[in-house]
Amino acid sequence: MNIILENGMQSIYIGSIIFFSGMIVSRFIARAALVKLTDGEKRTLIDGMSLVRTIQIVPVIVLFCILVVFMKLFAGRTALVAGIFIALVSAYYIAYNIFVYRRLTAMKMPPHYRRMHVVSVVVNAVGIIIFLTFIIIDPVLHLMPHP
């Protein structure tokens, strides 16, 4: 069944479905890893990551401010601003997840938990990449059939 929607809407729907599917699968994987931890390991995880969760909003706010400034500086150059913003967000996403993995290792979380954490992050990242491919790249390269 090939449903072709107007103005490339098919790409948006497919990308969104894959994105949300990746998020859901990622959550199930993370939950499965969490249930295998002992109560002591769960406490260590909560205590060790509470500050990280609190301060992770700072880079997000900075990225948002950069986006606003770039939108004003490069008005009318949406592709440039989007490209720079996606690159910055990607760099933040990678750096943050490397930091979290190192933190989990420093807290001596079991190897099975760290592996499942990495799998969860990768599944989520793949969903995001596919979503961006369908939303941003497809309208330019026309990967999906368009009317």
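The values are calculated or read from the model by the stated rules, or taken from the named source; none is laboratory data. Model, not experiment: these values are computed from the prediction. Counting neighbours? That spans all protein chains shown, and the Cβs are built from the backbone with ideal geometry, glycine included.
With respect to HIS142, is the statement that it is on the phi > 0 side of the Ramachandran plot and modelled with pLDDT under 95 true? Before the answer, list the steps.
Values: on the phi > 0 side of the Ramachandran plot: yes; modelled with pLDDT under 95: yes.
Answer is yes for this residue.
On the given criteria, is LEU63 closer than 22 Å to ARG103 by Cβ, of a type outside the set (Ser, Thr, Tyr), in contact with a Leu (Cβ under 8 Å, 6 or more places away or on another chain) and touching a residue at least 40 places away in the same chain (Cβ under 8 Å)?
Numbers: closer than 22 Å to ARG103 by Cβ: yes; of a type outside the set (Ser, Thr, Tyr): yes; in contact with a Leu (Cβ under 8 Å, 6 or more places away or on another chain): yes; touching a residue at least 40 places away in the same chain (Cβ under 8 Å): no.
Spelling it out, it is not the case that LEU63 is closer than 22 Å to ARG103 by Cβ, of a type outside the set (Ser, Thr, Tyr), in contact with a Leu (Cβ under 8 Å, 6 or more places away or on another chain) and touching a residue at least 40 places away in the same chain (Cβ under 8 Å).
Output the residue which, of all residues in the stretch 30-53 that are in contact with a Phe, Trp or Tyr (Cβ under 9 Å, 6 or more places away or on another chain) and either in a helix (DSSP H, G or I) or small (Gly, Ala, Ser) (or both), is surrounded by the fewest Cβ atoms within 10 Å (Cβ to Cβ). Explain how you work it out, then say what you get.
From the stretch 30-53, those in contact with a Phe, Trp or Tyr (Cβ under 9 Å, 6 or more places away or on another chain) are 33-34, 36-37, 41, 45, 52; that's our starting set.
Now drop any that are not either in a helix (DSSP H, G or I) or small (Gly, Ala, Ser) (or both), which leaves 33-34, 41, 45, 52.
Working: ALA33: 20, LEU34: 14, GLU41: 16, LEU45: 17, VAL52: 12.
In this case the residue turns out to be VAL52.
Considering GLY83, GLY76, GLY40, which residue is closer than 20 Å to ARG115 by Cα and of a type outside the set (A, V, I, L, M)?
The conditions single out GLY40.
Could you check, for the stretch 4-14, whether at least one of its residues is at pLDDT below 90, over 21 Å from the mean Cα position of the chain (by Cα) and either within 29 Å of TYR101 (Cβ to Cβ) or of a type in the set (S, T, N, Q) (or both)? Steps first, please.
Kept after step one, since they are at pLDDT below 90, are these residues of the stretch 4-14: 4-14.
If we keep only those that are over 21 Å from the mean Cα position of the chain (by Cα) as well, we get 4-10.
If we keep only those that are either within 29 Å of TYR101 (Cβ to Cβ) or of a type in the set (S, T, N, Q) (or both) too, we end up with 7, 10.
Yes, the conditions are met somewhere in the stretch 4-14.
Here are the criteria: (1) exposed (fewer than 10 other Cβ atoms within 10 Å of the Cβ); (2) under 18 Å from the mean Cα position of the chain (by Cα). Tell me which single one GLY76 does not satisfy.
All conditions pass for GLY76, except number (2).
Just to be sure I understand, how many residues within the stretch 98-132 are of a type in the set (Ser, Thr, Tyr), crowded, with 16+ Cβ neighbours inside 10 Å and farther than 14 Å from THR44 by Cβ?
Residues of the stretch 98-132 that are of a type in the set (Ser, Thr, Tyr), as a first pass: 101, 105, 113, 120.
Pick out the ones that are also crowded, with 16+ Cβ neighbours inside 10 Å and you get 113, 120.
Narrowing further to those that are farther than 14 Å from THR44 by Cβ: 120.
Qualifying residue count, the stretch 98-132: 1.
Restricting attention to the stretch 55-77, and to residues there that are assigned to a loop (DSSP other than H, G, I, E, B) and in contact with a helix residue (DSSP H, G or I) (Cβ under 8 Å, 6 or more places away or on another chain), which single residue is farthest from TYR92 (Cα to Cα)?
Restricting to residues being assigned to a loop (DSSP other than H, G, I, E, B) and in contact with a helix residue (DSSP H, G or I) (Cβ under 8 Å, 6 or more places away or on another chain), the top hit is PHE74.
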